[in-house]
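Down below is the structure, laid out as structure tokens.
The values are calculated or read from the model by the stated rules, or taken from the named source; none is laboratory data. Since this is a predicted model, take the numbers as computed values, not measurements. We place every Cβ from the backbone using ideal geometry, glycine too, and count neighbours over all the protein chains shown.
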Amino acid sequence: MSRLDPRLLLQGYATGIFPMADSRDADELFWVEPRNRAILPLDHFHLSHSLRRTLRSGRFHVTHDRDFKAVINACADREETWINAELEHAMLALHSSRHAHSVEVWRDGALVGGLYGVKLGRAFFGESMFSRERDSSKVALAWLVARLKVGNFTLLDCQFMTEHLASLGAITVPRETYVALLSAALGGGAAVGAAAAGALVEALGQALRPMRQWRERRPRLRRRGPPKATRRKSRAAR
């Protein structure tokens, strides 16, 4: 099996595609370009009251880039995973060049949650997260969002939508909208930035409309509060 060139990997992210494997033991990688992309608008991250209390409690200790290898191994340690040895090796190379980063969540000296992803321009591509204690992955994501906002990032790519991500404010945008947002995050110019902003506003409006309609229709007495992808034929590693 040939090595995946980290430079090729970055070029893939810059064009809106990313590599995956069929399993941990798979020998091959393939490029994925989802028809609909999950993103988390940084200003619309949903910080619930319970998560806010958890963050303030001091129960967890959060670090970044302290143990990247342990985080990616924990993300791959599940019954079904798309992280094979080749992809792990390439991510470790990107980490060495400061293009890939991790967030670690600790409790009593033990790693209980975290995430990792790739940084390019003002875009962060969230690759995977794991949780060994309740809310630990949410704490990692909340910490990441705060850091990205301080760093003036404009795009947090989540790849595929899940119920977990949706509960935290993630939305789904079509491929064309994602490409515009990505281009703006990579420095596509004022015109591209304006188009991306308009596309994001429209996507947010579509995502929030069902929620507004539900709130308007619900009874007053109540107070209750992986997607198909297009695989490109070219392999990531040759």
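Counting the residues of the range 75-93 that are hydrophobic (A, V, I, L, M, F, W, C) and under 16 Å from the mean Cα position of the chain (by Cα) gives 5. Candidates in the range 33-54 are the residues that are under 15 Å from the mean Cα position of the chain (by Cα) and among the aliphatic types (A, V, I, L, M); of these, the one that is farthest from W143 (Cα to Cα) is A38. The number of residues in the range 126-141 that are crowded, with 19+ Cβ neighbours inside 10 Å, assigned to a strand (DSSP E or B) and touching a helix residue (DSSP H, G or I) at 6+ places or on another chain (Cβ under 7 Å) comes to 3. One residue stands out in the range 182-201 among those that are in contact with a Ser or Thr (Cβ under 7 Å, 6 or more places away or on another chain) and at pLDDT 95 or above: the one that is surrounded by the fewest Cβ atoms within 10 Å (Cβ to Cβ), namely A185. A count restricted to the range 94-148 and to residues that are over 13 Å from the mean Cα position of the chain (by Cα) and among the hydroxyl-bearing types (S, T, Y) stands at 4.
Of all residues in the range 1-29, those that are of a type in the set (A, V, I, L, M, F, W, C) and out of contact with any Asp or Glu (no Cβ under 9 Å at 6 or more places or on another chain) total 5.
Report, by residue number, each residue of the range 102-116 that is in contact with a Ser or Thr (Cβ under 8 Å, 6 or more places away or on another chain), under 28 Å from R7 (Cβ atoms) and either of a type in the set (G, A, S) or surrounded by fewer than 20 Cβ atoms within 10 Å (Cβ to Cβ) (or both).
If we filter the range 102-116 for residues that are in contact with a Ser or Thr (Cβ under 8 Å, 6 or more places away or on another chain), which is where we start, we get 103-107, 112-116.
In the following step, the residues that additionally are under 28 Å from R7 (Cβ atoms) were identified as 103-104, 114-116.
Result: G114, single match.
Looking at the range 162-176, which of its residues are hydroxyl-bearing (S, T, Y) and at pLDDT 95 or above? Show your work before the answer.
As a first pass, look at the range 162-176 and keep what is hydroxyl-bearing (S, T, Y): 162, 167, 172.
Residue satisfying the conditions is T172 alone.
Can you find, within the range 149-181, the residue that is surrounded by the most Cβ atoms within 10 Å (Cβ to Cβ) among those that are in a loop (DSSP other than H, G, I, E, B) and under 16 Å from the mean Cα position of the chain (by Cα)? Checking each candidate, the answer is A170.
Okay, residues lined up against (1) under 21 Å from C158 (Cα atoms); (2) among the β-branched types (V, I, T):
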| residue | (1), (2) |
| --- | --- |
| R37 | yes, no |
| R52 | no, no |
| M91 | yes, no |
| S96 | no, no |
| G113 | yes, no |
| V118 | yes, yes |
